[in-house]
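Each remark here refers to the structure printed beneath this line.
Bear in mind these aren't lab numbers, they're just calculated from the coordinates by the rules spelled out. Being a predicted model, the structure only gives us computed values, none of them experimental. Counting neighbours? That spans all protein chains shown, and the Cβs are built from the backbone with ideal geometry, glycine included.
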Amino acid sequence: AVRGCGAQVTRAHMLALRLYTSDFYASINSPLRARKKPHPFPVTTYFITQGLKKLRAIGALSPEAGQPLMLWRGIRNLKVSDGFQSQGGTELACMSTTRDQAVALSFAQSDCPLLFKYVSKSFMDRGADVAAFSLYPREAEGLYPPIT
């Protein structure tokens, strides 16, 4: 188990997060975005969400916790809606970001690429660093829980 700040990330959390970093992420995210009930993998989704919350608590202890951090998100074949600039939006599924702009650009490659640049002011407004559990640690993935 990983511990810190009163949070304990268990083997179940680690395995769920590792699974999420594979192609399985679509099996978690697609039903959330479609608001499909019941979700086909509710327990896995629960452990991903709880694991992210626990990792964020641990991340609060990091020397970078109070520092600004530039994050990127690349999305394929998506246009921003007219109201997004004024109203914002909510991601119903888990939301991946990265510190590496090149990684985000590779995820956005499509006929209609979308690249978000987000400056996080502190750990309070960023996802959890899941690199330690990822199949692709070089992606430097910061993962937000659903409904972000």
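Summed over qualifying helices (DSSP H, 4 residues or more, each -39500 (n - 2.57)) and divided by its residue number, the chain shows a 222 nm mean residue ellipticity of -9500 deg cm²/dmol.
The convex hull defined by the C-alpha atoms of the chain has an orientation-averaged projected area of 9.1 nm². Volume per residue for segment 1-84 equals 149 cubic angstrom (convex hull of Cα atoms). Between Ala128 and Leu143, Tyr144, the built amide H atoms are under 5 Å apart, and every one of these is 5 or more places off in sequence or on another chain.
Under a Cβ-only charge scheme (Lys and Arg +1, Asp and Glu -1), can you give me the dipole magnitude of the chain about the Cα centre, in debye to the nearest 20? Walk me through the numbers on the way to the answer.
Working: 18 positive and 10 negative charges, 82 e Å.
Approximately 400 debye in magnitude.
Return the lysines within reach of Lys37: Cα separation strictly under 25 angstrom, same-chain partners fewer than 8 residues apart disregarded; answer none if there are no such residues. Within reach: Lys53. Put simply, when 110-117, 19-26 are sorted by average Cβ atoms within 10 angstrom per residue, most first, you get 19-26, 110-117. Within the chain, the selection of entire DSSP H helices by a Cα span of 30 Å or greater along the long axis and an average Kyte-Doolittle value of at least -1.0 returns an empty list. The Cβ shell under 9 Å around Leu114 holds other residues with a net charge of +3, Lys and Arg each +1, Asp and Glu each -1.
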